[in-house]
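**Q** Dropping the structure in here first, questions after.
The values are calculated or read from the model by the stated rules, or taken from the named source; none is laboratory data. What you see is a predicted model; the values in this text were computed from it and never measured. Neighbour counts run over all protein chains shown; Cβ positions are idealised from the backbone, glycine included. Just the protein is used for accessible areas: all its heavy atoms, side chains included, with ligands, DNA and RNA removed. Shrake-Rupley method; radii C 1.70, N 1.55, O 1.52, S 1.80 Å.
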Amino acid sequence: MIRLSVHVFRFDPATDTSGRIVPYTVEVNGGARVLHVLHAIHDSIDQTLSYRYCCGSGQCGSCAVRVNGEPVLACMEEARDGMVIEPLKLAVKRDLVVDLMQNLDAIAFLAPRAELVFPAKDEIDAIKPLRSCIECLCCVSVCPAMDVTNFLGPAAMRQEMRLALDPRDSRDRITDSVKDGLFTCTSCQACWKVCPKDIEIPGKAIEKLRAFANKKGLTLPRHQEVAALVKETGRSVTRIEPTFLEQVGEVLEPYGTGAPKATMGFFVGCMYNMRLPKTALDAMEVLRRNGIHIIIPKEQVCCGSPLIRTGQLDILDALKRKNIETFRSRGLNTVMTMCAGCGSTLKNDYKNPPFTIMDINEVLTKYGIEPPAHLPIRATYHDPCHLLRGQGIREQPRQLIRQVVDLVEMPAICCGSGGGVKSGMPDEAAALGKRRGEEIQKTGADIVISSCPFCEFHIAGHTDKPVKNVASVLLEGYKEKDKKSVKN
Amino acid sequence: MAFSLVLCHLFMIVYTPQSNKMRADSDGMECHVLVIGSGGAGVRAAIEASAYGDVVLVSKTIVSKGGCTPMAEGGYNAVLREEDSCEIHFEDTMKGGAFLNDPELVKILVSESPQRMDDLILWGAVFDVTDDNKVAQRPFGGQRFPRTCYAGDRTGHEMMTTLVERLDGLPVDILTETTVIDLLKEGDRVVGAFALDDKGDSIVIKADSTILATGGGTRVFDISTNSASGTGDGYAIGYRAGAELIDMEMVQFHPTGAVFPYDARGRLVTEAVRSEGGILKNTLGERFMKQYDPERMELSTRDVVARAIATEINKGRGTKNGGVFLDVTHLPREQIEAKLPVMLEQFLKFGVDIRTEPMEVAPTAHHIMGGLRITPRGETTLPGLFACGEVAGGVHGANRLGGNALAETQVFGKRAGESAGRSEKRVRNVDLRQIEGQQERLSRFLNGSVNPATVARELQLAMWEGAGIFRNANDLRSTLAMVMHLPASDLKAVSARNLSECCTIQNMCLTASLICKSALLRPESRGAHVRTDICHAWDAQTSPFAHTYISHARQGIERRSHT
Ligand SMILES: Cc1cc2nc3c(=O)[nH]c(=O)nc-3n(C[C@H](O)[C@H](O)[C@H](O)COP(=O)(O)OP(=O)(O)OC[C@H]3O[C@@H](n4cnc5c(N)ncnc54)[C@H](O)[C@@H]3O)c2cc1C
Ligand code: SF4
Ligand code: SF4
Ligand code: FES
């Protein structure tokens, strides 16, 4: 037997105006799950504890709760000492029981055709990955778009895609899904990352539905404009000032006399190239100072992310081929990105590129940096969705930031700039940006640091604090250090 | 201690028992057909009945999430190929059931199962298919043809999802998270049910016909595969209303339940693991099935494999955790990933990669073959009451073949739904004294003194010890005595919301007593029922006995006339 002290959210609508967290200590057997801890509390301490469960084996989706903030299935998640167990972020009925019905009712059902069309094996194989959903609503509980729009949500989109693929269904699911908010998804990947069945809703349902919508001419006009621009110029934004690529040479040698620590290609991406070139230049300085030898092929083009996220796939393969060939022909083993969106796209949407892709935060932590001066600044860090969830990069930027400023954490929520939402659904993007701004305000930080041009650009419009890139802040630290050493 | 003990907590809460109240809207709740239970059988019945009049579906759980149907992994038996035949499926089922099955029900099962499969496919079920676009089938224990259709190892979930989607499109009123605690009667006739909602408020539902589809009840045993709703409510509710139950001693112990983690013991390891080629070994590394059934080996019937594993463990050839090894590491990784994804995922969560390490398994209480006696139309012995699915008896005899229960839910769910739907519309009267009686029962709980969880634990341990895989009269009698003495009427409900829990535990006690009594009524070993204290010369085919039966009015065992 093991003894566990846990904290559980309690709320009784009859007597409480808000919930409270109550500590309990229980004994359970080794390997016990969160559910068994709840049973132990219910059976021996307080029978009024309400929680839902049925199958006890991850198959019915009744028991989802948050453990230490993360949605999990109580029956599958191993119980840990000190854990905090709370209801999903949905309307709480009592204790850990939330209202599921409203969202379950939103999930569409098949409308059979008059006569049976038996689906073929390839159709079944396409549907199957979307079918293992147990409707636990973990995904719904974390979806930012649902908070600020009438979006039906990831579980419902998964179902619309599943129905769109099924020859037995008689409805036009594409038009339905557009009505139900298909274009409000910010591609934040939160739903997929909490799904106990690992259903890749953004990539396997939402982007696919958007591609179907594109075939039906339902792509948003603003997204069409972006696609036209990419087709015409190879870039997703227009030139308004000298670009990064225009300002640098093809080869940047590291400073100092030592041998370079590494050589890598640099994929700049449209935003850093054309909207925030100064930030990219800062990054080059930091890299050179830390012994990185950088090759910057000038014929690189848009990675294709704005097209993939919005379902406009016509010229995608041409872009991919061009980029791969550009870096392959330089004989590069590693290509570095500093845009979270480009990095996620090159890593996840390019099939087996002949080089490794690394985000700049990975590069700098892998090869190590010269310590900068510690600036007297309190900063908070915004996790870009495409870095945190798209690439699994959480610690590296924090490790760098802590070397130069004091870091105050805030919740990792989507700022609203992704998935074509900023251009296509500006009101939604603003509502999410506002929420982000409020969280920033709560931290009391002096500045906001991030590592994605979309986030940096968007958040800057929703906070009065300066928004800076990790590399720019590091560079400030170096400048301060240099200033001090000149004085000494 | 086998269960979780609580050491301390910071403050004690003092409760004033709130009494429950009658729900305001409950007075007018009337329907043509009331369906109790939202598993495969209940939802199928509701779909069918909705063609004839207004239907109310009541379920303890959220509709798509309740019962054992969404947990069913392995598959659904249906004769779909030229080379197979309903006659062979019939013979396999009768043989597997030790010839205790009701042959007429079995004939219906095998002949209608393919049509019910067609319904599912029409409504959107995503079963696995072969390269030539036919529903794929896998071999299951005790069957001479691979006739078990499947959706990976989440077959029941696939069916449930499909059925609920179908139901969504129909005008059926659904009361979720509402527990039926008893049936209401007018004379002999069942005319509806008394239920408690999730707040503990009472609801009276009047109906022309009522269908019990509450599923099974192996939660009365310490180690069980069943969902939380597998507490035998329907057996107890039916019995209290006066219905007759048959073969309640016939409890299937599935050979392969997980043994770790201990608090999740009993969790099913699907038979599909063995049908995909999994092999059983004891700690000496011996493939021991060759001693018990050299011909069928791991794919022998469940009763045989379960007893083999139990014997190996009893003889000291089991693992530290009290199991034997079930090994698929010799199979290609892709096969494991494609055909057993749920198993792979569950074991990975529990720290075992079944692609590289063997699983540890031991028998677990899985299925109750007995239940309410039904006619081919799904009628019970009480007018106005129908039953289908696991709560009904007779289809599986003394041992159920894997894949036949899911088929049963569809075949008999449809039949019960249709019969109930076709039944006459009546003036609905409920004798108010019954409602007062229920209110009294509930207020006793509010003033009771015993923690229901403690009673449930005692019951489960006693049943596993005394009425498990190997039985004898002495143990059965002492278990029965112990069960009868549990303070089931003095349970304490700390709030109105806990009332249904108390009712459930009463139902568990009653169901357990029916199992023990029926086990004492059958003086032979037959199928899943093994009496170690009785030797007999006959085998299943020549046994002089047929069904055991039990009701308020009578109990006994039927004799067969052999020709
Ligand atoms: C883990 C597992 C795996 C299985 N695998 C297979 C398989 O592969 N193939 C196969 O053929 N069979 C399998 N079986 C058996 C099969 O799943 C069940 O026999 C079958 O699903 C029972 O269906 P049902 O509709 O009768 O009951 P269930 O699906 O159990 O549904 C019962 C319903 O009744 C409700 N209910 C219960 N009591 C009350 C009450 N008092 N008031 C209101 N509602 C109530 C419950 O909430 C639930 O909705 C498996 C069983 C288990 C446990
Ligand atoms: S990717 Fe983000 S916004 Fe889109 S559905 Fe998932 S959680 Fe919602
Ligand atoms: S998609 Fe995943 S997280 Fe969402 S409801 Fe389904 S199983 Fe749960
Ligand atoms: S209880 Fe069914 S998924 Fe956890």
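**Q** Sort B:173-182, B:538-547 by packing, meaning the average of other beta carbons within 10 Å per residue, with the highest value first.
**A** Packing proxy ranking, top to bottom: B:173-182, B:538-547.
**Q** What number, rounded to the nearest 500 deg cm²/dmol, is the helix-based mean residue ellipticity at 222 nm of chain A, given -39500 (n - 2.57) per DSSP H run of at least four residues and division by all its residues?
**A** After summing the helix terms and dividing by the residues of chain A, the value is -11500 deg cm²/dmol.
**Q** Here's a follow-up. With all protein chains present and a 1.4 Å probe, how do A:R173, A:R66 order by accessible area, largest first?
**A** Numbers: A:R173 10, A:R66 35 Å².
From most accessible down to least: A:R66, A:R173.
**Q** Still on this structure: Hey, what did region B:63-160 get for relative contact order, percent, Cα under 8 Å, at least 6 apart?
**A** About 46 percent, as a whole number.
**Q** From the phi of every residue in region A:405-422, what ³J(HN,Hα) in whole Hz does the Karplus formula 6.51 cos²θ - 1.76 cosθ + 1.60 yield, where θ is phi - 60° and glycine or proline is x?
**A** For region A:405-422, the Karplus curve yields 9, 7, 10, 10, 7, 9, x, 7, 10, 5, 8, x, 9, x, x, x, 6, 4 Hz.
**Q** Direction-averaged shadow area of the convex hull around the Cα atoms of region B:256-364, nm²?
**A** 6.1
**Q** At a threshold of 8 angstrom on Cα-Cα distance, excluding pairs fewer than six apart, so keeping six or more, what relative contact order does chain B reach in percent?
**A** It rounds to 22 percent for chain B.
**Q** With a 1.4 Å probe and all protein chains in place, put B:H485, B:H366, B:H330 in order of accessible area, largest first.
**A** Numbers: B:H485 155, B:H366 25, B:H330 105 Å².
Result of the area sort, largest leading: B:H485, B:H330, B:H366.
**Q** Grab the Cα-Cα distance for B:L348 and B:Q335, subtract it from 0.36 nm times how many residues apart they are, and report the gain in nm with one decimal.
**A** Fully extending the segment from B:L348 to B:Q335 adds 3.1 nm.
**Q** Now for a different question. So, in Å, what gap is there between the alpha-carbon centers of region B:311-354 and region A:374-442?
**A** 43
**Q** Still on this structure, I have one more. Using a simple spin-label model with points 7 Å from Cα along the Cα→Cβ vector, what separation in nm is obtained for A:K442 and B:E465?
**A** Using points 7 Å along Cα→Cβ, the separation is 5.3 nm.
**Q** Then there is this: Sorted by average packing, counted as other Cβ atoms within 10 angstrom per residue and highest first, what order do B:90-98, A:227-235 take?
**A** Going by the mean number of other Cβ atoms within 10 Å, highest first, we get B:90-98, A:227-235.
**Q** Hey, what did region B:256-364 get for relative contact order, percent, Cα under 8 Å, at least 6 apart?
**A** Relative CO of region B:256-364 lands at 35 percent.
**Q** Something else now. Got a sec? What order do A:M146, A:M274, B:M22 fall in by accessible area at 1.4 Å, biggest, i.e. largest, first?
**A** The ordering from most to least exposed comes out as B:M22, A:M146, A:M274.
**Q** Further question on the same structure: Using a 10 Å cut-off around each Cβ of peptide A:27-33, what is the average number of partner chain Cβ atoms that fall inside? Let's see the in-between values first.
**A** Numbers: counts 6, 7, 10, 4, 7, 5, 5.
Taking all residues of A:27-33 together, the mean is 6.
**Q** With a bin width of 10 angstrom, please list the P(r) values of chain B as percents of all Cα-Cα pairs, from the 0 bin to the one holding the largest distance.
**A** It works out to 4, 19, 30, 27, 16, 5, 0, 0, in whole percents.
**Q** Could you run the Karplus curve 6.51 cos²θ - 1.76 cosθ + 1.60 with θ = phi - 60° over region B:382-387 and give me ³J(HN,Hα) per residue in whole Hz, x for Gly and Pro?
**A** Couplings: 9, x, x, 10, 10, 9 Hz.
**Q** Quick check: the distance between the Cα centres of region B:371-390 and region B:87-135, to the nearest angstrom?
**A** After rounding, the separation between the Cα centres reads 21 Å.
**Q** Shape of chain A from its Cα gyration tensor (a ≥ b ≥ c, root eigenvalues): rounded if a/c is under 1.5, otherwise prolate when a/b > b/c, or oblate?
**A** Since a/c reaches 1.5 but b/c is at least a/b, the shape of chain A is classed as oblate.
**Q** Okay, moving on. Please determine, in degrees from 0 to 90 and to the nearest 10, the orientation of helix B:103-122 with respect to the longest principal axis defined by the Cα atoms of chain B, where the helix direction is its Cα long axis.
**A** 90
**Q** Over all directions, average the projected area of the Cα convex hull of region A:372-487 and note it in nm².
**A** With every direction weighted equally, the projected area is 6.9 nm².
**Q** Return one number: the angle in degrees, 0 to 90 and rounded to the nearest 10, between the long axis of the Cα atoms of helix B:499-521 and the longest principal axis of the Cα atoms of chain B.
**A** 50
**Q** Shifting gears a bit: Averaged across A:39-52, how many Cβ atoms of other chains sit within 10 Å of each residue's Cβ atom?
**A** Details: counts 5, 7, 3, 5, 10, 9, 7, 6, 12, 6, 0, 4, 0, 6.
So the per-residue partner count for this stretch is 6.
**Q** Can you give the angle from 0 to 90° between the axis of helix B:302-314 and the longest principal axis of chain B, with both taken from C-alpha atoms, to the nearest 10?
**A** Orientation of helix B:302-314: about 80 degrees from the principal axis.
**Q** Also, quick follow-up: Out of all Cα-Cα pairs in region B:437-559, roughly what percent, to the nearest whole number, are more than 21 Å apart? Please list the in-between numbers first.
**A** Numbers: 3568 of 7503 pairs.
Of all Cα-Cα distances in region B:437-559, 48 percent exceed 21 Å.
**Q** Starting from the Cα coordinates of the protein assembly as shown, work out the convex hull volume and express it per residue in Å³.
**A** Considering the Cα atoms of the protein assembly as shown, their hull volume per residue is 188 Å³.
**Q** Measure off 7 Å from each Cα along the Cα-to-Cβ vector at A:Q102 and A:A318, then give the distance between these two points in nanometres to one decimal.
**A** Roughly 4.7 nm, to one decimal.
**Q** Report the semi-axes of the equivalent ellipsoid for region A:243-366 in whole Å, largest first, where each axis is √(5λ) for an eigenvalue λ of the Cα gyration tensor.
**A** Each semi-axis is √(5λ); the values are 24, 15, 13 Å.
**Q** So for region A:2-98, what are the equivalent ellipsoid semi-axes in whole Å, largest first, each being the square root of 5 times an eigenvalue of the Cα gyration tensor?
**A** The equivalent ellipsoid of region A:2-98 has semi-axes of 19, 16, 12 Å.
**Q** For a protection proxy built on the mean count of beta-carbon atoms within 10 angstrom, sort B:396-406, B:521-531 highest first, please.
**A** Output ranking for B:396-406, B:521-531: B:396-406, B:521-531.
**Q** Follow-up. Work out the mean other chain Cβ neighbour count within 10 Å for the residues of B:155-165 and drop it here as an integer.
**A** That works out to 4 on average.
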